[in-house]
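Below you'll find the structure, written out as structure tokens, and then a few comments.
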Amino acid sequence: MARGTALLGSEVAIICGAMSWVSERNLVAAVSNAGGFGLIACGAMTPELLDTEIAATKALTAKPFGVNLITMHPQLMDLIAVCAKHGVTHIVLAGGLPPKGSIEAIKARNTGNGGAKVICFAPALALAKKLVRSGVDALIIEGMEAGGHIGPVATSVLAQEILPELASELPIFVAGGIGRGEVIASYLKMGAAGVQLGTRFVCATESIAHPDFKKAFIRANARDAVASVQIDPRLPVIPVRALKNAGTEAFTAKQREVAQMLDDGKVDMMAAQLEIEHYWAGALRRAVIDGDVENGSLMAGQSVGMVSREEPVAAILAELIGQAEAALAAG
């Protein structure tokens, strides 16, 4: 994990993936304080809200943490400026290829800050190579087993395609379906610099997720975490993995509604996608914050079956590291 910890500035190269409403100041600070690397999930936040969240996180930890920004956010450049103002050291760009000028803006020396490190998601080898050429500092390869927005390829396949080709060029973090330390060890052996986990941290004691949201995770098994179905080929909805409930059905209805708005010329493609993004943000809030586990969105990865209890972040990290060390020692 040496390359991963050198890049992140953390004790262990385990990133807590950015989960909207869950990855806020309390969980982010707890992960960083315990030696991991926390990420604020900006999601649909306004620049003002992000400004407040970063300041609140800095009040809870002096350790490094990052901010995850969605590339299609209409105020992306303003959000980058907010991060620069606070001297945020690492920015993860998610949800698509970085728009023109965004990587340069993050790396620029803003407000006396020596620029931040840029980490991007690479869903395929060709895109990974393109991102390397564009000057990113690290990559995250995330497979379809992950919770929330997912790509079509399994983590193990992406790891086999991308790590042998690019691991010598820059640090690469593997994500998606990781629930135990033994699999972390296997990816490290393949050349990964570290890993990213989300689902395992949802039921951390420090997570503000509603008790009923946590109970749903503890009850669930791997096959309960299903990917959403795209119903209109013109509407390039990124599939989302979540626990099956009434909210899963509601999303199908929402897609039909947005497709009709597209038909009627009421929205363009970009606005249609943002409409879907806002739906997810609202549905997720209902579940995570309000505890409506029937109608809200229970975004979860397939590793949810390995979440068996509520426990402190430090205990989760210690268990993962212990398992990984034992596996590496065993050869």
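Couple of notes before you dig in:
- Within straight-line cross-link reach of residue 254, lysines at Cα separation under 25 Å, skipping those fewer than 8 residues along the same chain: 244, 266
- For residue 65, distant residues with modelled amide H under 5 Å away: 89
- Alpha-carbon centroids, region 86-145 and region 1-21: separation in whole Å: 15
- Relative to its Kirkwood radius, the Cα radius of gyration of region 145-293 gives an Rg/Rh of 1.03.
- Label-point separation, residue 250 to residue 186 (7 Å along Cα→Cβ), nm: 3.7
- Take every pair of alpha-carbon atoms less than 8 Å apart whose residues are at least six positions apart; their mean separation over the length of region 268-327 yields a relative contact order of 18 percent.
- Rg over Rh [alpha-carbon atoms, Kirkwood Rh] for region 11-97: 0.93
- The Rg/Rh ratio of the chain, with Rg taken over Cα atoms and Rh as the Kirkwood radius over Cα pairs, comes to 0.94.
- Quotient of C-alpha Rg and 2.2 N^0.38 Å, computed over region 205-331: 1.31
- Computed packing ranks the peptides 273-279, 196-202, 249-255 as 196-202, 273-279, 249-255, most packed first, by mean other Cβ atoms within 10 Å.
- Square roots of five times the Cα gyration tensor eigenvalues for region 200-247, Å: 27, 12, 9
- Spin-label model, residue 238/residue 257: points 7 Å from Cα along the beta carbon direction are separated by 2.2 nm.
- Counting 0.36 nm for each residue step from residue 326 to residue 62 and taking away their Cα separation leaves a gain of 92.0 nm.
- Square roots of five times the Cα gyration tensor eigenvalues for region 42-193, Å: 27, 17, 15
- Taking the centroid of alpha carbons for each part, region 232-285 and region 165-195 are 32 Å apart.
- Normalising the Debye intensity of region 235-276 to I(0), with uniform scatterers on Cα atoms only, and taking log10 at q = 0.15, 0.24, 0.25, 0.28 Å⁻¹ returns -0.37, -0.81, -0.85, -0.98.
- Point-to-point label distance, residue 315-residue 55, nm (Cα→Cβ direction, 7 Å offset): 3.5
- For region 280-323, the spherically averaged projection of the C-alpha convex hull amounts to 4.1 nm².
- Ordering of 40-52, 222-234, 174-186 by packing [mean C-beta count within 10 Å, highest first]: 174-186, 40-52, 222-234
- Shape summary: region 93-173 maps onto an equivalent ellipsoid whose semi-axes, from the alpha-carbon gyration tensor, are 24, 14, 10 Å in decreasing order.
- In the chain, Cα pairs under 8 Å separated by at least six residues give a relative contact order of 18 percent.
- DSSP H segments from the chain that extend 18 Å or more along their own axis, Cα-based, with Kyte-Doolittle mean of -0.5 or above: 47-60, 246-263, 269-288, 313-329
- Burial ranking of peptide ranges 263-272, 304-313 (average Cβ count within 10 Å, highest at the top): 304-313, 263-272
All of the numbers you see were taken from the coordinates with simple rules; none came from a lab. None of these values were measured; they are calculated from a predicted model. Positions of Cβ are backbone-derived with ideal geometry, glycine not excepted, and every protein chain shown enters the neighbour counts.
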